[in-house]
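For reference, the structure is listed below as structure tokens.
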Amino acid sequence: MLEILIRENGGEPKWVAASEVLGIIMKKKPKTSSPSPLSLKGFDVWWKKYDKKVTKKQAMQYWAKHIKQEMVTGILWHTKRYVEKVEKRYRLDPVRYLRNEKFNDEIIEQDKRIDVTEYKHDTTGMPMGKCKKCGKRDTYLNQWELYKGSDCCGEKVLPFK
Ligand SMILES: [Zn+2]
């Protein structure tokens, strides 16, 4: 059996079998970049959800290289909202969505059902509304405050006559 004298991480030198040394070297070798089945876990799910069938090859390569398993849940969560919000033709190409880390961007929710002209305004022009839950009437700073929900319950703010 071939033995080699090694000194690992500054420790005591020791004789080990050559086959073991090879094992150590193999372990320390940087990971290859070729996609492994494990690193592509989640890709197909995401691909179907994203539903813009371009740049698949590049997206897959990027995914295999850069998307870690613990990121997948967050990406799927974001993608679900992103595709609801953004029409297909305005969606980034999948590979750009990944590369730009679009999935880290906040999605600005806006309740389109609110039309500020339906609301009474006070003399200074601030919109007034009532809480859908408890009926409390309040004056809001502007339409964005209305969108955010009632101060009391965080519920939708309805117009009143
Ligand atoms: Zn309320």
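Readers should treat all values here as calculations from the given coordinates under stated rules, not as data from a laboratory. These figures come from a predicted structure and were not determined experimentally. No Cβ is skipped: glycine too gets one built from the backbone with ideal geometry, and neighbour counts run over all protein chains shown.
Observations, loosely collected:
- Gyration tensor analysis over the Cα atoms of region 43-104 returns equivalent ellipsoid semi-axes of 16, 13, 10 Å (largest first, whole Å).
- Whole-number percent relative contact order across region 116-158, with pairs defined as alpha carbons under 8 Å at least 6 apart: 34 percent
- With a Förster radius of 25 Å applied to the beta-carbon distance between Thr139 and Ile107, the computed FRET efficiency rounds to 0.30.
- Between amide H atoms placed 1.01 Å from N, distances below 5 Å from Glu3 occur with Ala18, all of them 5 or more places distant or on a separate chain.
- For the pair Arg89 and Lys56, label points projected 7 Å from Cα toward Cβ lie 2.3 nm apart.
- Between Lys132 and Ala18, the simple spin-label model (points 7 angstrom out along Cα→Cβ) gives 7.5 nm.
- Charge tally in the Cβ shell below 14 Å around Gln61, where Lys, Arg are +1 and Asp, Glu are -1, Gln61 excluded: +4
- Size of charge dipole - region 43-104 - debye, nearest 20, with Cβ of Lys, Arg +1 and Asp, Glu -1, no other charges: 220 debye
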